[in-house]
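Let me begin by presenting the structure, written as structure tokens, before commenting on it.
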Amino acid sequence: GESVGLHLPTLSVQEGDNSIINCAYSNSASDYFIWYKQESGKGPQFIIDIRSNMDKRQGQRVTVLLNKTVKHLSLQIAATQPGDSAVYFCAERPPGQNFVFGPGTRLSVLP
Amino acid sequence: NAGVTQTPKFQVLKTGQSMTLQCAQDMNHEYMSWYRQDPGMGLRLIHYSVGAGITDQGEVPNGYNVSRSTTEDFPLRLLSAAPSQTSVYFCASRRQKNTEAFFGQGTRLTVV
């Protein structure tokens, strides 16, 4: 289930289950979105991206869904593994502007 | 190919001290940027550069300077450190402005 930690919302899932991490973005004109994964003590790493002319994009074990109507982005991770434990955050790119990053969600994978 | 390299990894400064955070990339990326990461907040852009000799301010530039004399290096200078600058700093590079970022490992800075 979800809980609010000291600073970040936390999603706890059982190993092997699917995870869904959500992101509400702010600018309806944003045309490009990226999901990053940040492990403890490391820099963020690119996971997957999607452009606004798409509503779904799949990678290896990950799927990103874009709902422009409600300005919502989600990251689905299939068969979650212990190595997936990290903070996940989305970034949106408003036209002509720099990327805007969300605060992130901490994913905790339970054995 | 080391990607983006930041030094140091950790630093403690006294209020009023100055220092430079180093960032180097070996991917021949034109676009580089500095972010700070604070608890509960998204990455915030401090300064960025679209190529050697060109720099611009981001969302939170006050108290920081940058220069870009080469494509590879993009140092961030704190002129007179303040406790409000306690944060984790990330350098990133991109092939172009509107592509995914490659981040360094970060510098954890504490100002006392």
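Taken over segment B:24-45, residues that are in contact with a Gly (Cβ under 6 Å, 6 or more places away or on another chain), modelled with pLDDT of 95 or more and within 11 Å of chain A (Cβ to nearest Cβ) amount to 1. Annotation: of all residues in segment B:1-54 being within 26 Å of B:Val112 (Cα to Cα) and aliphatic (A, V, I, L, M), the one that is most open to solvent (accessible area, probe 1.4 Å) is B:Val12. Cβ-Cβ contacts under 8 Å between residues 6 or more apart (or on different chains), taken from a first residue in segment B:93-109 that is within 7 Å of another protein chain (Cβ to nearest Cβ) to a second residue that is in a loop (DSSP other than H, G, I, E, B) and of a type in the set (Lys, Arg), are listed as B:Gln105/A:Lys42; B:Gln105/B:Lys9; B:Gly106/A:Lys42; B:Gly106/B:Lys9. Screening A:Tyr36 against (1) more than 14 Å from every other protein chain (Cβ to nearest Cβ); (2) of a type in the set (Ser, Thr, Tyr); (3) within 30 Å of B:Ser49 (Cβ to Cβ); (4) under 11 Å from the mean Cα position of the chain (by Cα) leaves a single unmet condition, (1). Filter segment A:47-74 down to residues that are assigned to a loop (DSSP other than H, G, I, E, B) and closer than 13 Å to A:Phe33 by Cβ and give me whichever is farthest from the other protein chains (Cβ to nearest Cβ). Selected residue: A:Asp55. Show the residue pairs meeting these rules: Cβ distance below 8 Å; 6+ apart or different chains; first residue within segment B:1-28 and assigned to a loop (DSSP other than H, G, I, E, B); second residue among the aromatic types (Phe, Trp, Tyr) and open to solvent by 80 Å² or more (accessible area, probe 1.4 Å). Cβ pairs passing all conditions: B:Gly3/B:Phe102; B:Met27/B:Phe102.
If you go through segment B:76-88 one residue at a time, do you hit one that is within 9 Å of chain A (Cβ to nearest Cβ), in a strand (DSSP E or B), out of contact with any helix residue (DSSP H, G or I) (no Cβ under 8 Å at 6 or more places or on another chain) and crowded, with 16+ Cβ neighbours inside 10 Å? Within segment B:76-88 (the criterion being within 9 Å of chain A (Cβ to nearest Cβ), in a strand (DSSP E or B), out of contact with any helix residue (DSSP H, G or I) (no Cβ under 8 Å at 6 or more places or on another chain) and crowded, with 16+ Cβ neighbours inside 10 Å), the answer is no, since none of the residues qualifies.
If the condition is being among the hydroxyl-bearing types (Ser, Thr, Tyr) and free of Cβ contacts under 8 Å to residues at least 24 places away in the same chain, then segment A:20-60 contributes only A:Ser52.
The values are calculated or read from the model by the stated rules, or taken from the named source; none is laboratory data. Since the model is a prediction, treat every value here as computed from it, not as a measurement. Virtual Cβ from ideal backbone geometry, glycine too; neighbours counted across all protein chains shown. In case anyone asks, the SASA skips ligands and DNA or RNA and just uses the protein heavy atoms, side chains included. Shrake-Rupley method; radii C 1.70, N 1.55, O 1.52, S 1.80 Å.
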